[in-house]
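The structure under discussion appears below in the form of structure tokens.
We did not get these values from a lab; they are worked out from the coordinates using the rules stated. All values derive from a computational prediction rather than experimental measurement. Virtual Cβ from ideal backbone geometry, glycine too; neighbours counted across all protein chains shown.
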Amino acid sequence: MIELLVLALTLGFVHTFFGPDHYVPFIVISRARKWSLKKTMWVTFIGGVGHILGSVVLGFVGVAIGLSITRIETIESFRGDIAAWLLMIFGVAYSIYGIFKLFGNGVHSHLPTFLLPKSIRPYRHLPISEEEAQEEKETNITPWILFLIFVFGPCEVLIPQLIYPAAKHDFFGVAAIATVFGLATIGTMLLTVWLGYKGISLFRLKKGEKLFHLLAGLIILFMGLGILFLGF
């Protein structure tokens, strides 16, 4: 169990740090939408919890009903494809918004609410009441889109290399392994996002502010393409 706990800690860090899809989307979206550091960290934390819970629940179910590792890995691969497609779709949608933001004039009023920065939502040229405008201003589902994507995103190493070997001991061993792996993964996500947020905030390009939306969408799109077709 000690060896498994050390392995869980190590793999949690390694699979996150060398998987830029774990933190780059949070960094580029937070920069484009001008999120505060506090909000960025909270969104990252929620995404990390969803990322871990998806695989942990699958692992516990697999152990409980006796699914083979091969079957589990097939399910995880399928989940990974869904996450990649969702990432690509979100990247396309945000890239389109970035194009409108960069070249359009007033066309933002026809875009979905979740793509609009809070600062411009109340001033859309639409016949809405003050109450609706306030509600719209406070509503932002972008973090929940990221959460959904990360729920489908599998932790490929967790089940075959950690949960199944830990299941030879007892339930508490499996829970301990999952907890250590989860803390290492989420901790690494928070650290890398914090570093990325601080680093990218150094670039204050007033004339290029609108460009960040398009860049964020393209980065997320190519990340999804890389996961799906290049095995990143």
| Given a Förster radius of 35 Å and the C-beta distance between Ala175 and Phe78 as r, what FRET efficiency does 1/(1 + (r/R0)^6) yield to the nearest 0.05? | 0.85
| task | Using Cα centres only, tell me the gap between region 1-70 and region 145-161 in whole Å. | result | 6
| message | If R₀ is 22 angstrom, what is the calculated FRET efficiency for the pair Phe13 and Arg71, using the beta carbon separation as r and rounding to 0.05? | response | 0.20
